[in-house]
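Below is one structure, written out as structure tokens, with a few remarks after it.
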Amino acid sequence: MTNANQKLIEAIDLRKEFTVKMKGKGRIREVKTLKAVDGINIYVNEGETLGIVGESGCGKTTTAKLLLGLYPPTSGKIVLGDRDISKLDKKQLKDFRRKAQMVFQDPYESLNPRFRIKDTIMEPLEIHGIGKDKHERYELAKEILEESGLKPADQFMERFPHEMSGGQRQRVAIARALVLDPAFLIADEPVSMLDVSIRAGILRLLRKMILDKNLAGVVISHDISLVRYTSDRTAVMYLGKIVEQGNTEELIKKRYHPYTQALLEAVPNPDPELKLSLQKIKGEAPNPVDLPTGCRFHPRCIKCMEICKSVEPKEIDMGHGHKVMCHLYGGDKNE
Ligand code: SF4
């Protein structure tokens, strides 16, 4: 989909653990560790989008917050360009915050209901000292609003969020994220709160903005069909691990991991080729504070073997950067 190959952001052996206090009869009975993100390696090139897909609770949003520097990692690192973001000083951190922006799931909650649209978009410009005066900031806000499909912008600048539809609000949220001219954009379930009829328009806008502005984009979703529509590469996440990643079309076609197969099974697909060898998934995801031994997908996997119950699979490179974590492909397969 794109020729970009300049790595902009990379997570290296990234981990995030939380301490969870388990209560019983009003008392804390046990303190456990929740491994929300458990040693992931992902990267995003300039001008491309990485999709991160998985069920809720798999660690997608924690990954997004780590990539944005909103959580400190427990271990591992995030490198932006050639800089480890945990080592940035105050000024560099402010600059990073401008470069890394997020579009949230809920456009009803992410916009301040008391702010007019112009104020919503001009506020980040003021915070970061962009534009020499109010007039220039107003013009910048108008420009990005029109780029986001709200034209003519004058019709929208004076409105409050409640005077706009869900799709229009999400366009405002995208405009607010992009007005700072970021290098990196994360969209967390960007259309899941929107009416089905307007989802494609928002996804097209995100895709266009990422390509036109040569951003590194991350789209997070529970829906693999949505990620297919928006992303050059896809990482499938299950209970804190990336179990498969690679070029999106290749990943969907080959779908080595039984969990990827199961996610595709959940999507009604008009492509008969894609209906081959689809697998069912068993039961609910286990509690992340009580991870299964061995492969953490084994209690739900219809291809589970004896080894899967005790030995955690290693990541195997299947070629062309397509990686999978599953015993079905051995420990040294490298085609
Ligand atoms: Fe299934 Fe075993 Fe592969 Fe895990 S390692 S996904 S249990 S076949």
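Structure shown: which of Lys94/Lys118; Lys21/Lys241; Lys65/Lys134; Lys23/Lys309; Lys16/Lys90; Lys99/Lys132 lie over 25 Å apart, alpha-carbon to alpha-carbon?
Checking Cα-Cα distances, Lys65/Lys134; Lys23/Lys309 exceed 25 Å.
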Of the listed peptides 208-215, 239-246, 258-265, what is their order by residue-averaged count of other C-beta atoms within 10 Å, with the highest listed first?
239-246, 258-265, 208-215
Over the Cα atoms of the chain, what Rg and Dmax result, in angstrom?
21.1, 68
Between the residues Ile117, Gly69, Gln105, the Cα farthest towards the positive end of the dipole of segment 33-145, that dipole coming from +1 and -1 charges on the beta-carbon of Lys, Arg, Asp and Glu, is from Gly69
If you find the alpha carbon centre of segment 280-311 and of segment 32-88, how far apart are they in angstrom?
24
Please report the Cα spread of segment 1-58 along all three principal axes, rounded to whole Å, starting with the longest.
58, 21, 11
Net charge contributed by nearby residues that have their C-beta within less than 13 Å of His298 (K/R +1, D/E -1)
+4
Per-residue SASA entry for Cys304, accessible area with 1.4 Å probe, Å² rounded to 10:
40
Please work out the Cα center distance from segment 138-152 to segment 213-232, rounded to the nearest Å.
24
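The values are calculated or read from the model by the stated rules, or taken from the named source; none is laboratory data. Values in this document were obtained by computation on a predicted structure and should not be read as measured data. As a convention, Cβ positions derive from the backbone with ideal geometry for all residues, glycine included, and neighbour counts pool all protein chains shown. Heads up: the accessible areas ignore ligands, DNA and RNA and are worked out on the full protein's heavy atoms, side chains in. Shrake-Rupley method; radii C 1.70, N 1.55, O 1.52, S 1.80 Å.
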